[in-house]
Amino acid sequence: MKLVIATRNAHKLEEIHAIFDFQGLEVLSAFDFPEIPEVVEDADTFEGNAIKKAVEIAKATGCWSLADDSGLEVEALGGAPGVYSARYAGEPCSYEANNEKLLAELADKKDRSARFRTVIALSDPGGSAQTVSGECPGVIIDKQRGDHGFGYDPLFVPDGFSETFAELDPSVKNRISHRANALRKAHSEWAGLLQSL
Ligand code: ITT
């Protein structure tokens, strides 16, 4: 049976594959369906956007679909960039511009605490969806460090570590991240269902 991962973010896709064992499923992604228009992420919660991505791709492909909507919530910024994480510094989306904007917004802030959040949605081909979520707490440092990962990784030091997500070996990020925590729940809740497809 086919399962389509509803993302066009290659880094995210790589992490999902590294973390989650899809066993006998034939796993595709939005990259395999270039004719399907990009999903407009206009919900105001991670959950709303994750469901929207999974349901639209499931309906368009006729396959089960799994989507990840994620972002960074910074305490001193009232939870921003939150659902706007991808386009924090405007469009076209640029990780570099987003990181520079984040540093500028935090320049005079003492509280550097933050957390990454992920909501994973799973939709059947008819558009019936369910979700799980995960998070990872940490702090935002004042200078980018490291080359691994993507997005805000060079500025985020997870609690219990001194390296950023971009400095840590990817296997460490994939063990402790928001995405790893959400996918662990996905596995415990949906493994039986996915195996039966
Ligand atoms: P898709 O919607 O196609 O999956 P996207 O990049 O637009 O790709 P999101 O809408 O979920 O994905 O936006 C997530 C943004 O949050 C992403 O572009 C990064 O800026 C940030 N982000 C999410 N997870 C991250 C992680 O593990 N490390 C660093 N930044 C992350």
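The values are calculated or read from the model by the stated rules, or taken from the named source; none is laboratory data. For clarity, every value in this text was computed on a predicted model and none was experimentally measured. Cβ sites come from the backbone with ideal geometry, for glycine too, and all protein chains shown count toward neighbours. The accessibility values were calculated without ligands, DNA or RNA, using every heavy atom of the protein model including side chains. Shrake-Rupley method; radii C 1.70, N 1.55, O 1.52, S 1.80 Å.
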Sort out which residues of the stretch 150-197 are surrounded by fewer than 23 Cβ atoms within 10 Å (Cβ to Cβ) and among the hydroxyl-bearing types (Ser, Thr, Tyr), and write them in order of number. 162, 171, 188, 196
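Listed here are the residues, each with its yes/no results for (1) among the β-branched types (Val, Ile, Thr); (2) surrounded by 15 or more Cβ atoms within 10 Å (Cβ to Cβ); (3) out of contact with any helix residue (DSSP H, G or I) (no Cβ under 6 Å at 6 or more places or on another chain); (4) in contact (Cβ under 8 Å) with a residue 24 or more places away in the chain.
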residue: 13; (1), (2), (3), (4): no, yes, yes, no
residue: 20; (1), (2), (3), (4): no, yes, no, yes
residue: 28; (1), (2), (3), (4): no, yes, yes, yes
residue: 55; (1), (2), (3), (4): yes, yes, yes, yes
residue: 63; (1), (2), (3), (4): no, yes, yes, yes
residue: 67; (1), (2), (3), (4): no, yes, no, yes
residue: 81; (1), (2), (3), (4): no, yes, yes, no
residue: 85; (1), (2), (3), (4): no, yes, yes, yes
Scan the stretch 99-131 residue by residue and report those that are open to solvent by less than 10 Å² (accessible area, probe 1.4 Å) and more than 17 Å from residue 85 (Cα to Cα). 121, 122, 123
Among 21, 69, which is within 12 Å of the ligand (Cβ to nearest atom), under 23 Å from residue 185 (Cβ atoms) and of a type in the set (D, E, K, R)? 69
Which pairs have Cβ atoms under 6 Å, sit 6 or more apart or on different chains, and link a residue in the stretch 92-106 that is farther than 11 Å from residue 151 by Cβ to one that is in a loop (DSSP other than H, G, I, E, B) and within 12 Å of the ligand (Cβ to nearest atom)? 97/89; 101/88; 101/89
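Quick grid of which residues meet (1) without any contact (Cβ under 8 Å) to a residue 24 or more places away in the chain; (2) under 14 Å from the mean Cα position of the chain (by Cα):
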residue: 141; (1), (2): no, no
residue: 150; (1), (2): no, yes
residue: 157; (1), (2): yes, no
residue: 164; (1), (2): yes, no
residue: 170; (1), (2): no, no
residue: 178; (1), (2): no, yes
residue: 182; (1), (2): no, yes
residue: 195; (1), (2): no, no
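Quick one: would you say residue 107 is more than 26 Å from residue 42 (Cα to Cα) and either more than 15 Å from the ligand (Cβ to nearest atom) or modelled with pLDDT under 95 (or both)?
Numbers: more than 26 Å from residue 42 (Cα to Cα): yes; either more than 15 Å from the ligand (Cβ to nearest atom) or modelled with pLDDT under 95 (or both): yes.
Here the answer is yes, as residue 107 does meet what is asked.
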